[in-house]
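In what follows, a structure is listed as structure tokens, so that the remarks can point back to it.
The values are calculated or read from the model by the stated rules, or taken from the named source; none is laboratory data. Owing to the predicted nature of the structure, the values given are computational and were not obtained by experimental measurement. Glycine gets a Cβ as well: all are built from the backbone with ideal geometry, and neighbour counts include every protein chain shown. Ligands, DNA and RNA are excluded from the accessible area calculation, which covers all protein heavy atoms including side chains. Shrake-Rupley method; radii C 1.70, N 1.55, O 1.52, S 1.80 Å.
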Amino acid sequence: MSRSSLRAVRRLFVVVLATAALLAAGVDQVGAAEGPGPGQHQGPSFEGAAGSPTGSKPQSKLWFADGSWWSVMNPGGTGHRIFRLDAATQDWLDTGTVVDTRTTARVDVLWDGSRLYVASHVFAESAAAGSPSHLYRFSYDTGSDRYSLDLGYPATINNWRTETLVLAKDSTGQLWATWTQQSQVFVNRTLAADNVWGVPFALPNGGTLSSDDISSVVAFAGRIGIMWSDQGSDAMRFAARDDGDLDDAAFGAPEVAISGSDLADDHINLKADASGRVYAATKTSVSTSGQPFNLLLVRGASGGWTMTVFGTKADNHTRPMIVLDEEKRRLFYFATWDQSGGVIYMKETSMDSPSFPAGRGQPVIDAADVNNATSTKQSVSEATGLVVQATSDETRLYWHYWNPLTK
């Protein structure tokens with residue numbers, strides 16, 4: 001029997017067992033019995049790449065520009081290259097533009113409307129010195145639909161292999177990057193130009209972390225904000241600074257976005273809207289069925305955090321990720337069921353009054369062992385549609401979900 005046939009039999013067996021279990025238990029899981037919608041598409045193989053190229057949790061791999069969706073992908077273990085999505089066929093087309101040839105690297109991408117920035121780091125569960133993290137900057141040619149690496153790049157952000165590395169650009173044009181090392185949140189920023197980085201520094205009051213904690217960064221309302229997990233003290237923390245402050249380390253006292261027994265874990269995905277609100281998808285470490293397991297934390301434009309439960313421990317989601325549609329004031333929340341990979345689920349809610357239905361949600365990518373949903377830092381709209389990408393560790397294939405957002 002072929003590998004694809006074996007996968008089909010395996011998935012059918014899992015569906016039969018899951019359906020029987022739900023019927024026997026009398027459980028009504030929202031969307032759990034539905035098949036994935038027509039927006040699911042298989043992509044190229046990443047056989048030979050290390051780990052899951054669509055990880056890590058805070059990072060974005062996709063962007064929308066010049067009428068197309070784009071992605072930095074690692075096909076066939078040959079390193080990272082830029083791909084364009086053909087909207088008609090839903091095929092990813094290799095543009096041939098090389099980003100980073102290191103197959104063990106993971107990337108975070110930022111499109112600012114005119115330039116593409118890619119932060120690339122060697123992935124490691126535990127931070128270790130000796131492997132530089134790079135910033136690549138590309139210019140786009142509308143005539144050829146091609147990106148070209150600018151002179152003077154790559155530039156070095158740090159000299160560490162880390163679990164995550166996340167990039168943001170503030171209102172003055174300064175770039176910021178964050179990661180964790182030596183039980184501490186670290187930060188670096190550009191100085192005179194995009195390829196001139198300063199000396200990395202420890203975030204004030206961002207220490208005493210576990211080796212499993214991570215950080216992320218977001219630009220909002222003339223400020224830069226950094227969120228990090230602090231599992232030792234059961235808290236998710238956030239600190240911000242004003243753009244243009246002459247003291248680069250002038251972050252305010254840490255805010256507690258949420259705290260409580262087992263309410264922190266190393267899962268963070270950040271977005272911000274034009275009003276200055278910050279939205280964070282996070283995960284907890286609770287162990288009891290009805291307790292909140294995946295959360296939406298929202299910081300108001302004037303400060304203060306609120307919490308909305310996306311799913312409970314019984315729903316068993318992991319690696320949450322959010323995308324904003326500011327035109328229609330909608331928030332799309334994606335997460336994997338179950339913990340080791342299986343199905344990407346989605347729930348949609350109002351940005352202004354978040355409330356999620358009970359259950360797992362709507363399945364949008366259903367492939368063997370699929371995990372690590374990723375998308376764009378940008379807000380989406382009917383003009384862009386929505387693309388979410390993920391990878392299957394079992395089959396070593398990319399998958400993506402396409403939603404035209406016409407409803």
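Brief remarks on what is shown
- Of the criteria (1) touching a Pro at 6+ places or on another chain (Cβ under 6 Å); (2) surrounded by 21 or more Cβ atoms within 10 Å (Cβ to Cβ); (3) aliphatic (A, V, I, L, M), which one V309 fails: (2)
- For G252, the criteria (1) in contact with a strand residue (DSSP E or B) (Cβ under 8 Å, 6 or more places away or on another chain); (2) modelled with pLDDT under 95 hold in every case but one, which is (2).
- Residue identified as open to solvent by less than 30 Å² (accessible area, probe 1.4 Å), within 22 Å of G225 (Cβ to Cβ) and among the hydrophobic types (A, V, I, L, M, F, W, C) among V370, V343, V388, V323: V323
- Condition check for T164 on (1) touching a residue at least 24 places away in the same chain (Cβ under 8 Å); (2) assigned to a loop (DSSP other than H, G, I, E, B); (3) open to solvent by 30 Å² or more (accessible area, probe 1.4 Å): one failure, at (3).
- Those residues of the range 366-407 which are of a type in the set (S, T, Y), more than 14 Å from the chain's Cα centre (by Cα) and more than 15 Å from R330 (Cβ to Cβ), in sequence order: S392, T395, Y398, Y401
- Residue match in the range 177-186 (condition: more than 29 Å from V256 (Cα to Cα) and surrounded by fewer than 21 Cβ atoms within 10 Å (Cβ to Cβ)): no
- Filter pass, G76 being of a type in the set (G, A, S), at pLDDT below 95 and surrounded by fewer than 23 Cβ atoms within 10 Å (Cβ to Cβ): yes
- Checked against (1) touching a residue at least 12 places away in the same chain (Cβ under 8 Å); (2) surrounded by fewer than 18 Cβ atoms within 10 Å (Cβ to Cβ), D170 passes all but a single condition, namely (2).
- Identity of the residue in the range 268-297, part of a strand (DSSP E or B) and over 17 Å from the mean Cα position of the chain (by Cα), that ends up farthest from G341 (Cα to Cα): P292
- Number of the condition not met by A87 [criteria: (1) open to solvent by 60 Å² or more (accessible area, probe 1.4 Å); (2) in contact with a Phe, Trp or Tyr (Cβ under 9 Å, 6 or more places away or on another chain); (3) closer than 30 Å to D266 by Cβ]: (3)
- Among the residues listed as L116, L135, the single one being under 20 Å from the mean Cα position of the chain (by Cα) and under 22 Å from M227 (Cβ atoms): L135
- Scanning the range 177-194 for residues that are of a type outside the set (S, T, N, Q) and assigned to a loop (DSSP other than H, G, I, E, B) turns up L191, A192, A193, D194.
- Just so you know, in the range 329-352 the residues that are without any contact (Cβ under 8 Å) to a residue 60 or more places away in the chain and not in a strand (DSSP E or B) include one that is farthest from the chain's Cα centre (by Cα), and it is D352.
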